[in-house]
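I have placed the structure first, in the form of structure tokens, so that the comments after it can refer back to it.
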Amino acid sequence: MYETYKETAAFIKERTGEADIAIILGTGLASLVNEIDVQVEISYTEIPNFPVSTVEGHHGKLVYGSLGKRKVLALQGRFHYYEGYSMQEVTFPVRVFYELGIRKLIVSNASGGLNPEFKVGDIMVLTDHINFFPEHPLRGTNLSAYGPRFPDMSEPYKQQFIQQAFKLANQLNISLKKGVYVGVSGPTFETPAEYLMFRHLGADVVGMSTVPEVIVARHMQMDVFGLSVITDSGVPGEIKEVSHEEVQHIAAQAEPKLTALVKEMVQVM
Ligand code: HPA
């Protein structure tokens with residue numbers, strides 16, 4: 001695997017420049033690209049060894065450029081486990097980021113709210129996660145050049161970033177929640193009983209991504225900052241029929257706030 005990661009990194013390095021922050025643009029954060037002073041765009045289809053993104057609303061390109069005074073590498077369109085990708089494919093870009101010398105990762109996603117204090121449209125900073133995927137991205141031979149067999153997960157999301165985010169949100173007049181994200185396979189949204197179960201397990205929101213990428217990033221001791229847009233409610237009495245379109249619609253409404261916050265975060269990370 002090392003050779004594959006290195007080959008892909010070499011290809012990207014030849015076409016871009018130094019970056020110290022990678023951003024995985026989940027549902028609703030795609031417009032952050034409009035804030036980036038883009039120097040290079042590479043379609044996933046052109047990148048050797050890169051999986052190809054399939055889901056509606058995900059564009060599938062790598063974007064390199066300046067966001068304010070920082071250089072960033074952004075993934076527009078991630079690889080979801082529910083699409084049929086292996087965990088190695090889902091987390092492939094994170095290994096490549098590391099090979100490019102990047103040690104900071106920002107992730108965003110859409111989620112269903114479980115905490116009764118949260119409203120649809122709210123933004124939550126991830127303080128922790130629960131891995132509820134049926135497969136672990138680090139199962140199998142350990143790639144010891146990247147990290148240990150039994151990685152520590154005591155600080156999955158960097159405390160310092162969480163504090164900085166609240167400070168910035170306050171300055172920007174953006175209201176922020178914080179909490180625990182439980183990552184599940186999907187592609188079904190949860191039944192009412194499943195939403196309740198995940199609440200009892202200690203989660204504040206539930207979604208179908210992020211956890212595998214964060215595990216692999218932490219394996220390599222990359223520092224992670226995560227944001228989630230709550231696009232629907234899994235709280236008893238508030239559950240309504242939900243669709244991918246509705247998720248996209250709500251996420252798009254929260255996009256300006258998310259974008260403003262990430263833009264400022266990048267400056268201080
Ligand atoms: N469940 C799982 N994933 C999601 C949801 C949800 O309710 N909303 C957006 N992504």
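The values are calculated or read from the model by the stated rules, or taken from the named source; none is laboratory data. As the structure is a computational prediction, the values presented were derived from the model and not from experiment. Here the Cβ is made from the backbone with ideal geometry for all residues, glycine too, and neighbour counts use every protein chain on show. Side chains are part of the model used for accessible areas, which takes the heavy atoms of the whole protein and leaves out ligands, DNA and RNA. Shrake-Rupley method; radii C 1.70, N 1.55, O 1.52, S 1.80 Å.
Each other residue within a Cβ distance under 11 Å of LYS6 adds +1 if Lys or Arg and -1 if Asp or Glu, for a net charge of -1. Taking every protein chain into account, the accessible area of the chain amounts to 43 square angstrom per residue (probe 1.4 Å).
For segment 53-206, the C-alpha radius of gyration sits at 1.13 times the compact-globule guess of 2.2 N^0.38 Å, with N the residue count. For VAL182, nonlocal amide neighbours, meaning residues 5 or more places apart or on other chains whose placed amide H falls under 5 Å from its own, are ILE130, ASP204, VAL205, VAL206, GLY207. The region of the chain that goes longest without hitting one of the trypsin sites (Lys or Arg not before Pro) in a DSSP loop, each with at most 12 other Cβ atoms within 10 Å, is 150-239. By the equivalent-ellipsoid construction on the alpha carbon gyration tensor, the chain comes out with semi-axes of 27, 21, 18 Å, ordered largest to smallest. Quick one: net charge of ILE47's neighbours, Cβ under 15 Å, K/R +1, D/E -1? Summing Lys and Arg as +1 and Asp and Glu as -1 gives 0. If a spin label sat at a point 7 angstrom from the Cα of GLU3 along the line to its beta carbon, the backbone N atoms of segment 138-166 nearer than 20 Å would be those of 141-146.
Once the C-beta distance of VAL38 and ASP152 is scaled by a Förster radius of 45 Å, the resulting FRET efficiency is 0.80 to the nearest 0.05. For segment 2-268, with all protein chains in place and a probe radius of 1.4 Å, 49% of the accessible heavy-atom surface sits on carbon or sulfur. Of all lysines in the structure, the ones whose alpha carbon falls short of 24 Å from that of LYS104, not counting any fewer than 8 places away in one chain, are LYS6, LYS13, LYS61, LYS69, LYS71, LYS158, LYS167, LYS177, LYS178, LYS257, LYS263. A simple rule links phi to the HN-Hα coupling: the Karplus curve 6.51 cos²θ - 1.76 cosθ + 1.60 with θ = phi - 60°, which for segment 64-70 gives 10, x, 9, 10, x, 9, 10 Hz, with x for Gly and Pro. Helix 244-268 and the longest principal axis of the Cα set of the chain meet at an angle near 60°. Estimated purely from DSSP H runs of n ≥ 4, each contributing -39500 (n - 2.57), the mean residue ellipticity at 222 nm for the chain is -9500 deg cm²/dmol once divided by its residues.
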